[in-house]
Amino acid sequence: MADRPLPPPETAINWFKSMTLIRRFEERAGEQYTRAKVGGFLHLAIGEEATIVGAVAALRPTDYMIATYRSHGQALARGSEPGRVMAELFGRVDGLCRGRGGSMHMFDLERRFMGGFGIVGGNLPLAAGFGLSSDYLGNDDATLCQFGDGASNQGTFGETLNLAALWSLPVVFMVTNNQFGMGTSLERHSAQTDLQVKGEGFGVPGLECDGMDVIDTWAVTEEALRIAREERQPVLVEALNYRFRGHSIADPEDYRSAEEVLEWSKRDPLLTFGDRLIAEGVINEQQREAIDLEAIATVDEAVAFADASPEPEPSSLYDDVYVLSDEVRGWYSADHRGAGLQKGEELC
Amino acid sequence: MAEMRYREALNEALTEELERDPNVYLMGQDISVFGGAFKVTEGLMDRFGEKRIRDTPISENTIVGIGVGSAMTGLRPVIELMTINFSLLALDQIINHAAHVRYMFGGQVSVPLVVRMPQGAGHQLGPTHSHSFEALYLHVPGLLVAVPSTAADAKGLLKTAIRDDNPVIFIEHETLYGQRGEVPDDPDFTVPFGLAAIRRAGSDVTIIGISRMAQTAECAAEQLAAEHGIEAEVIDPRTLRPLDLDTILESVAKTNRCVIVEEGWPHGGVGANLAALIGEQGFDDLDAPVGRVTGVDAPMPYAKNLEQISFPHEQQVIEATLALFGDRKRALRG
Ligand SMILES: Cc1ncc(C[n+]2csc(CCOP(=O)(O)OP(=O)(O)O)c2C)c(N)n1
Ligand SMILES: [Mg+2]
C-alpha cells in the first residue's frame, strides 16, 4: 500500500539500511555456502526483507520475537552483530550459538530474538509460552511469532491459536505467506488460501499486510501488537510476500516458472522502497549507493570476523547438554567421552 | 543383476508394488510434483497420477493418522515423512494407533502401513535435523523396524514391508541414497524380514552394524584384518524387529566377542538392547563384555568438527574391538 505516508526520514533510512544489510548478508551467505564455508541447509530471505524489517520495527526492545529456520534477517534486524550471525553459519565459537545451532537455529537472548526453529510449526506453542510468561508476570511485553504459509497446516497452528485466544495472550502470529511450502504452492497445500481468516474460528481475528512493503508491514504489525498488548487479544497477521531464491540453496525450483519469479521481482522490496525514498527526496542516488556500500563493508567485516573465529574445541562437545549441579548424584551420561558429564562418578 | 543407486532401488520397489496392488498408494510432503525431498518418488506422479501419489500439507501427525485409518479399511498406504526428525510430530499416531490398534481391538483389524523416512548425521543440520531413531521405534511392540544399508536390501525390504500386514517403520539413510549397488532384476525379488546378512565372515570377533554403520563396520573389519590380524565377522541385522538373534548368537558362539555399532545415542540404544540379549542368551560364549560404539550422548552439534566426532567412524570401531582383545590378553597374563 504505497499510499501510507513515509515515516520520519531517520526512521525510513534506518529501515532501508536494515533491509539492505539483510539483502547483502544473504547474498554473501549463499556465496559462502558454495565455497563450503557454510554447511547444512541454508534458507535465504531474499525478497522477504520488508516483512522482516517492517515487523521487527514495530517491536519494543523488550518484546519477544520468534521465527523459523529462515531467520538470519530477523537476528540482524533485531540488532545481532552480523559477524556473530555469520560466525554461526561458519560453525565457529563466536557464532550466536557458539556453532551449535547453525543457519536454522539462530538465537540472541540479549535482543529477545528467541530463536529460529527447524521444525515447521514448532515455534507457535513457544510463542504462546512467551505470552503466558508476560501475562503471568504482569508486564506488558508482547510476542511476535513468524512462520510460513506451510506451517499454518500444522496441528500446532490451530491448537496454539485456540489457547492464545482462550487465555488472552499478548501474541501476534504472523504468517509469512511467500506462497510456497518448499515445492508445494499455497493452493496445493491449504484449502483456505485467504490465510488471514484461518484463525477466526479459534477466536483470533486476522489482519493482512503487503509483505513487500515495509511501511505497510510496520503499520499493520504495530496495530496488531497494540491489540495484543492492550486488549490482550491475539491477532493473526498475513504478510503476503515472495522469496526470490529457492527454498534452500539446493532447490532447482521446478515447481514455479521463471516468468512468475520475474513478475514478482518487479516488486522487489528493496528496489521499490529505495525508489520511493528517492522520489520523495529522503535520500538521493549517491546516498542509496553509499548505504549499499556500507552494507557490503559490514558484510565483508562479518565474513572476516567469522573466518578468524576458531572452531569449537572438541572438549566443549558436552557443554550445555545439562545444567550440572553439584548436589545431584548419579550419572548424567552413559558416555565416557563426556568429561564432566559422568557426574556423580566420584560419589559411586 | 542391475547396478543402481539406493534411491533408485527404492523407486523401483515402489513402482513394482504400485503396479502389483491397486490398493497401494503413496502420501507425503513434496512427493509428487517435487519428486520427494530426496527424489525417491521421482516420476511416480506421471506414471500413477495424483490419486495414488498424494502430496500432503505439512501435517505429520494427521498424515500418519490418515494412513492408519485407510490401512484399517482396506488400503496399503506407504507414507514418506521427509526425514525421521519430523516423525516425532507423528509419534502419537505411530505408537498409540498404528502400533496398538490391532491389539486393542482384539485382532479385528490390521494396519498394513509403511512409514518410510531417512535419518542420519553428517550433513551439518544441527540438533533438530540429525536424529537416529531406530532405538525409539524398536522400543514399541506392534511395530516392525527395517534398516536397509544396501541398494538391494532397500528394494527387497521395502517390497516386503509393503506386503506385510503390520505397520513397518522403514528407516532409510540420507548418506546412502546416492550409493550404488547390485540389485537382482527379478520382479519377485524380496528380502525377508528377520534374516540378518553376514557381510563378512570371520572367526575372532562379531561386529554388528546398524543401518549405515554396517558399512562402517565392514570397513573397520578390513583394517582390523590388514593391520591387526583380527578376522571380524560383520553382521547387518537388516530388520531390528523381527530380529535374527539366532544368526547373532551363532556368530558370537564362534567368535566369543562382540561389538555393536550404531549412530544413535547410547542410553537405551539398539546396542544396549542387543548387549542385554546377548548377555542373557549367550553369556557362556563371551570372553569379554559386549562392546558398544555409539553416537555421543549429546544433541548433534552444527559445527563440522564437532559433528564429525559425534557419530562413529571406522577408527572408533577398531579401538573398541582392540579393547576387547586387550582386556583378554591382560586377563590371561594376570
Ligand atoms: C515438521 C517438519 N516437517 C517438514 C519439514 C521440512 N520442511 C522444512 S521447511 C518446509 C516448508 C515450510 O514452508 P513454509 O511454512 O511456507 O515456510 P517457508 O519455508 O516458505 O518460509 C518443510 C516441509 C520440517 N522442517 N519440519
Ligand atoms: Mg512458505
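The values are calculated or read from the model by the stated rules, or taken from the named source; none is laboratory data. Because the structure is predicted, anything quoted here is derived from the model rather than measured. Don't worry about glycine lacking a Cβ; one is built from the backbone with ideal geometry, like all the others, and counts go over all protein chains shown. To get the accessible areas, we keep the full protein, side chains included, count just its heavy atoms, and leave off ligands, DNA and RNA. Shrake-Rupley method; radii C 1.70, N 1.55, O 1.52, S 1.80 Å.
So residue B:85 clears everything in (1) open to solvent by less than 60 Å² (accessible area, probe 1.4 Å); (2) among the polar types (S, T, N, Q); (3) over 24 Å from the mean Cα position of the chain (by Cα) except one condition, right? Which one?
Of (1) open to solvent by less than 60 Å² (accessible area, probe 1.4 Å); (2) among the polar types (S, T, N, Q); (3) over 24 Å from the mean Cα position of the chain (by Cα), only one is false for residue B:85: (3).
What are the residues in the stretch A:162-194 that are outside any strand (DSSP E or B), among the small types (Gly, Ala, Ser) and either within 10 Å of ligand 1 (Cβ to nearest atom) or in contact (Cβ under 8 Å) with a residue 60 or more places away in the chain (or both), if any?
Selection gives A:164, A:165, A:168, A:183, A:190.
With A:327, A:346 as the choices, which residue is part of a helix (DSSP H, G or I), more than 10 Å from chain B (Cβ to nearest Cβ) and modelled with pLDDT under 80?
Exactly one of A:327, A:346 is part of a helix (DSSP H, G or I), more than 10 Å from chain B (Cβ to nearest Cβ) and modelled with pLDDT under 80, namely A:346.
Within the stretch A:85-97, is even one residue among the charged types (D, E, K, R), away from chain B (no Cβ under 12 Å) and open to solvent by 30 Å² or more (accessible area, probe 1.4 Å)?
For the stretch A:85-97, residues among the charged types (D, E, K, R), away from chain B (no Cβ under 12 Å) and open to solvent by 30 Å² or more (accessible area, probe 1.4 Å): absent.
Regarding residue A:22, is this residue buried (at least 24 other Cβ atoms within 10 Å of the Cβ), over 22 Å from residue A:142 (Cα atoms) and within 13 Å of the chain's Cα centre (by Cα)?
Yes: the conditions hold for residue A:22.
Please find, within the stretch B:118-135, the residue that is surrounded by the most Cβ atoms within 10 Å (Cβ to Cβ) out of those that are assigned to a loop (DSSP other than H, G, I, E, B) and away from chain A (no Cβ under 14 Å). It would help to see each step written out before you state the result.
Quick first cut of the stretch B:118-135, residues assigned to a loop (DSSP other than H, G, I, E, B) only: B:120-126, B:130-133.
Retained after the next criterion (residues that are away from chain A (no Cβ under 14 Å)): B:132-133.
Values: B:132: 27, B:133: 21.
Only one residue fits best here, namely B:132.
Considering only the stretch B:219-334, give the strands (runs of 3 or more DSSP E) lying wholly within it that have at least 3 residues that are out of contact with any Lys or Arg (no Cβ under 6 Å at 6 or more places or on another chain) and within 14 Å of chain A (Cβ to nearest Cβ).
So the answer is B:291-293.
Against the conditions (1) without any contact (Cβ under 8 Å) to a residue 12 or more places away in the chain; (2) closer than 19 Å to residue B:239 by Cβ, where does residue B:108 fall short? Just the number, please.
Only one criterion is unmet by residue B:108, namely (2).
Does residue A:211 satisfy the criteria of being closer than 24 Å to residue A:135 by Cα and either free of Cβ contacts under 8 Å to residues at least 24 places away in the same chain or not acidic (Asp, Glu) (or both)?
So residue A:211 does not fit the description; no.
Quick check on my filter: what residues within the stretch A:130-161 are away from ligand 1 (no atom under 16 Å from the Cβ) and open to solvent by 30 Å² or more (accessible area, probe 1.4 Å)?
A:130, A:132, A:133, A:135, A:136, A:137, A:138, A:139, A:140, listed by residue number.
Being among the basic types (Lys, Arg) and away from every other protein chain (no Cβ under 14 Å) is the filter here, so list the residues in the stretch B:1-44 that pass it.
First pass over the stretch B:1-44, keeping only residues among the basic types (Lys, Arg): B:5, B:7, B:20, B:39.
Once the filter is applied, which keeps residues that are among the basic types (Lys, Arg) and away from every other protein chain (no Cβ under 14 Å), the stretch B:1-44 yields B:5, B:7, B:20.
For residues in the stretch A:67-81 being away from ligand 1 (no atom under 14 Å from the Cβ) and surrounded by 24 or more Cβ atoms within 10 Å (Cβ to Cβ), which is nearest to residue A:207 (Cα to Cα)? Don't jump to the end; show me each part of the working.
Here is the first cut: in the stretch A:67-81, the residues away from ligand 1 (no atom under 14 Å from the Cβ) are A:75-81.
Then drop every residue that is not surrounded by 24 or more Cβ atoms within 10 Å (Cβ to Cβ), which leaves A:75-77.
On the way: A:75: 24, A:76: 26, A:77: 23 Å.
Checked the stretch A:67-81; the qualifying residue nearest to residue A:207 (Cα to Cα) is A:77.
Condition first: crowded, with 23+ Cβ neighbours inside 10 Å, within 16 Å of ligand 2 (Cβ to nearest atom), small (Gly, Ala, Ser) and in a loop (DSSP other than H, G, I, E, B). Now tell me which residues in the stretch A:98-127 satisfy that.
Selection gives A:118, A:121.
Name every residue in the stretch A:58-88 that is part of a helix (DSSP H, G or I) and within 13 Å of the chain's Cα centre (by Cα), in order of residue number.
Result: A:72, A:73, A:74, A:75, A:76, A:77, A:78, A:85.
Determine whether the stretch A:191-208 contains at least one residue that is within 13 Å of ligand 2 (Cβ to nearest atom), within 14 Å of chain B (Cβ to nearest Cβ), at pLDDT 95 or above and surrounded by 21 or more Cβ atoms within 10 Å (Cβ to Cβ). Don't jump to the end; show me each part of the working.
Keep residues of the stretch A:191-208 that are within 13 Å of ligand 2 (Cβ to nearest atom), which gives A:193, A:195.
Now narrow it down to the ones that are within 14 Å of chain B (Cβ to nearest Cβ): A:193, A:195.
So of that shortlist, the ones also at pLDDT 95 or above come out as A:193, A:195.
Next, only the ones that are surrounded by 21 or more Cβ atoms within 10 Å (Cβ to Cβ) stay: A:195.
The answer is yes, given that some residue of the stretch A:191-208 is within 13 Å of ligand 2 (Cβ to nearest atom), within 14 Å of chain B (Cβ to nearest Cβ), at pLDDT 95 or above and surrounded by 21 or more Cβ atoms within 10 Å (Cβ to Cβ).
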